[in-house]
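Heads up, the thing below is written out as structure tokens.
None of the figures in this text is laboratory data; all of them are computed from the coordinates on show. Just so you know, these numbers come straight off a predicted model, no measurement behind them. Ideal geometry is used to build each Cβ from the backbone, glycine not excepted, and the neighbour counts take in all protein chains shown.
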Protein chains: 2
Amino acid sequence: MNTQPDSLTPELIARFAAIVGEKHAVTAPEDIAPHVMEQRGLFGGTTSLVLRPANTDEVSKIMRLATETKTAIVPQGGNTGLVGGQMPDKSDRQVVLSLSRLNRIREIDLASNTATVEAGVVLQVLQEAAAAEGRLFPLALASQGSCQIGGNLSSNAGGVGALAYGTARDLCLGVEVVLPTGEIFDDLRKLKKDNTGYDLKDLFVGGEGTLGVITAAVVKLLPMPKGRELAWGAVPSTAAALKLFQKANELAGPSLTMFELMERRPLDFVLQHIPGTTNPLTEESPWHVLMEVSSGRSAQDARELMATVLSEAYEEELLADATIAQSESQRAKLLHLREAMSEAQKMEGGSIKHDISVPVVAVPEFIERAGEAVQQVVPGARVVCFGHMGDGNLHYNVSQPVGADAVEYLRHYGAMNEAIYAIVKDLGGSFSAEHGIGTLKRDLLVATQPAIATDLMRRIKAAFDPAGIMNPGKVI
Amino acid sequence: MNTQPDSLTPELIARFAAIVGEKHAVTAPEDIAPHVMEQRGLFGGTTSLVLRPANTDEVSKIMRLATETKTAIVPQGGNTGLVGGQMPDKSDRQVVLSLSRLNRIREIDLASNTATVEAGVVLQVLQEAAAAEGRLFPLALASQGSCQIGGNLSSNAGGVGALAYGTARDLCLGVEVVLPTGEIFDDLRKLKKDNTGYDLKDLFVGGEGTLGVITAAVVKLLPMPKGRELAWGAVPSTAAALKLFQKANELAGPSLTMFELMERRPLDFVLQHIPGTTNPLTEESPWHVLMEVSSGRSAQDARELMATVLSEAYEEELLADATIAQSESQRAKLLHLREAMSEAQKMEGGSIKHDISVPVVAVPEFIERAGEAVQQVVPGARVVCFGHMGDGNLHYNVSQPVGADAVEYLRHYGAMNEAIYAIVKDLGGSFSAEHGIGTLKRDLLVATQPAIATDLMRRIKAAFDPAGIMNPGKVI
């Protein structure tokens, strides 16, 4: 596949620029900069060209030219991905394709409860547009103010709403995709049931832009809940948290719309580093949960349901203390405590991160075993564990020991990963629950997945992108 | 791909038989017969060999030998498929691979709410095993007493439970698949979130046995509802039925677990032809609905929820009359009225069937336009419409005019299909909502889907099954 040109020549740049117009062919280094460095500074690349097409037709023309000239194309949304999937490599032979200008909500269909949106629509914009029509678009991510639907779908994003509403894949009914050749696959269906052949949609969703460019999608909307109650609770142990989750699930079923687990340490980091935050509870506790119930019936019903869950939890000593948000502003504050954990952790030096999932029931065992393993790899390293317990998905991050040298600490990245992933594997889990593979975990995918799985993935890649121009070097 | 042997030679049969043992290599015509004719007599084939392996390892050996000898293999579950996907062709060059003996429930994991089941487990057996542990396996089909999980997954079956719980695809977390080469792809995960590369599972699910043989799967179980209420109601029109669905959905949300729409005629056919059935309502009505709400909270809660839905529906004149099942036996009777509709229709002569879906909101328009189209194709033909309205999925069948000649009537099959599918297409619908493609709709798939879609499907088929031995002639 090494048939790309040696670099992006002025002639080639001019041909691409002619498709989108000079104004939207970004070549000035200062304008390119935000597209070639990922927000945390972990993944950077080099390119002389960022294309900002206006519509699907221009994307199609870009891909046609890319095929003709064997130019590698790297699709990019809000540049919030955490595994490098949206970054060009350092060769200056890859063109970044920004979908940001494909930002129209083409339709909100209230009768069908669907929205047809372009790839560049910012997640929060869609949430707000849906809310204005009395509908809920339940995908919710810390990055929702800047991440885009195309990226959400390409990475099959999860987030706090996945517990009740599913991941991005579950929320997507149909896609519009530009293939590497420039052909447009228009599959913008609003159908809940459609068994006309192989499930192509779900290859593009989660395909991280390696099989085609998602340019638009039909997503599900839901009725806006009539009541939502959010509680922050202190639990004595991970075992109690699991029992509380099972209890809440039993009592609330599909009305249990969030169940997050957080260690004491990330909360302390937030309280310490993020201005304006306060501890919602007075007592110290090793673990906390953030739990939401939603009711389609009434606000009163949601209140009663939460009250039942909490009172049964107290009775069985699963909860030590809890507080319920009494206003939208209190709600926002509780959510912010959880969402700010990644940000707060940055201030504590080097961090080795893991986005893992295990069967929900194995969460306590994972946390216990991983905690021991961490100390064996780097004594004094500080576990910073929080995540979507209801999905068995934890962000199991490990900060450097206090006062350690970050560079020295990060030399243990491989050994730490290895120790954690061995436990994950033993428990039947996944080393990439919701962030995807990108470049970060590509070698890991190949090294740890059954050979037959990666072989099938390679065959799919070759079948869809025989020239190897579609986000090369990512996933497989 | 025409490299298969001319026929199944005695030597080849002996080699296959050696894998499963003589007893499970079926060669007697009377024993083969049930495997080569589909239950309604619409699809028949010819083979000299039906293999009944005991386990995944034997399936693997069969596929390895099939690859070596370029022998086509047709996987078969309960032989209840409606599009011919499980039938060998008439060449006597294809071996039927019955999964019936892979019938172990390997595990029911109450903590994770999953079941790991082999392909040959009969759906109802799994339902009952789950119920014995206080769990619901919500896939529900008229054929559940004989259809098998492997077939359910391969065809991505839908049924009455799909409204709230999704199709077979949505209920499946992981699969074990034997590939055409005999390699075993063990992907029996219990994870809700796993973004490790392309979504391979969803190619096998819905792949109709053309990409590999599903030998086992991990499926989701749900808490058994504490209360379920089933109501049969008379609605004055399809527009009222749509409004009733929207109202019920608004009030009950995920607790609305069934919403079926039925024309008067299929009910009359049932009352006339199926012994022991009675009309649950006294008044005549052009349309009926069968509606269920389930509550995870209590039986009382389900009763109140159903009462609210019905009272609001009466108030807005969406319902003319309704009755609620007061016992398990009454419940079974109401369900039987719906499930017997296909069976009853057989007694009315030739039938031209359509398994279509449209956006839910377009159901009334579809029914109106299709009704007119039918009369233009065959004046006097009798529409027999029933189905899963909540999913926009209708079984839009058309019986011959009273007294017409069935053979003569069925000559209009193509013209009738064409007229109906044109309306479906115009409304953004699907000509195969839940039954799949098989052989019945293969040409239709190619003729009506975008060329790029069928091209991508062909590429996937070639990538997974380069020798073309895996259920050839089906889907694509």
Pair-distance profile P(r), taking every C-alpha pair of the stretch B:51-144, with 5 angstrom steps and integer %: 3, 12, 19, 19, 17, 13, 9, 6, 2, 0
Stretch in chain B that is longest and holds no trypsin sites (Lys or Arg not before Pro) that DSSP places in a loop and that have at most 15 other beta carbons within 10 Å: B:105-410
Scaled radius of gyration (Cα, divided by 2.2 N^0.38 Å) that the stretch A:172-298 gives: 1.53
Sequence-distant residues sharing a close amide H with residue A:187 (under 5 Å, placed H): A:175, A:176, A:177
Estimated FRET transfer efficiency when R0 is 45 angstrom, pair residue B:308-residue B:14 (beta carbons, to 0.05): 0.10
Angle in degrees between helix B:451-464 and the longest Cα principal axis of chain B, rounded to the nearest 10: 40 degrees
Reach of residue A:226 by Cα under 19 Å, taken over lysines that are not fewer than 8 positions away in the same chain: B:247
Environment charge of residue B:245, counting only residues whose C-beta is closer than 11 Å and scoring Lys/Arg +1, Asp/Glu -1: -1
Shielding by partners - mean other protein chain Cβ count within 10 Å, residues of B:448-457: 5
Karplus (6.51, -1.76, 1.60) ³J(HN,Hα), θ = phi - 60°, over the stretch A:422-431, in Hz, Gly and Pro reported as x: 5, 5, 4, 5, 4, 8, x, x, 10, 8
Equivalent ellipsoid semi-axes, chain A, via Cα gyration tensor eigenvalues times 5, rooted, Å: 38, 27, 20
Local net charge near residue A:160, Cβ-Cβ under 10 Å (Lys/Arg +1, Asp/Glu -1): -3
Simple spin-label estimate for residue B:22 and residue A:109 in nanometres, 7 Å along Cα-Cβ: 6.1 nm
Inverse of mean 1/r across different Cα pairs in the stretch A:10-101, Kirkwood, Å: 13.0 Å
Approximate spin-label separation residue A:411-residue B:406, in nm, with each point projected 7 Å along Cα-to-Cβ: 8.2 nm
Whole-Å distance, taken between Cα centres, linking the stretch A:193-215 and the stretch B:389-413: 34 Å
Cα convex hull of the stretch A:227-342 - mean projected area over all directions, nm²: 6.7 nm²
Debye equation applied to the C-alpha atoms of the protein assembly as shown, log10 I(q)/I(0) at 0.06, 0.09 Å⁻¹: -0.43, -1.01
Positive minus negative residues near residue A:178 (Lys, Arg vs Asp, Glu; Cβ under 11 Å): -3
Distance cut-off 20 Å, percentage of C-alpha pairs in the stretch B:349-436 lying past it: 27 percent
Per-residue mean of C-beta atoms belonging to partner chains within 10 Å, peptide A:293-303: 2
Two-decimal log10 I(q)/I(0) for the stretch B:105-223, as the Debye equation yields it once each C-alpha is a single scatterer, q = 0.16, 0.17 Å⁻¹: -0.68, -0.77
Equivalent ellipsoid semi-axes - Cα gyration tensor, the stretch B:317-397, angstrom: 26, 18, 12
Degrees, to the nearest 10: A:56-69 long Cα axis against longest axis of chain A: 60 degrees
Average partner coverage of B:358-364, which counts Cβ from other chains inside 10 Å: 4
Cross-link reach list, lysines versus residue B:190, counting only Cα pairs under 17 Å and skipping chain neighbours closer than eight places: A:425, B:201, B:220
Angle in degrees between helix A:10-20 and the longest Cα principal axis of chain A, rounded to the nearest 10: 70 degrees
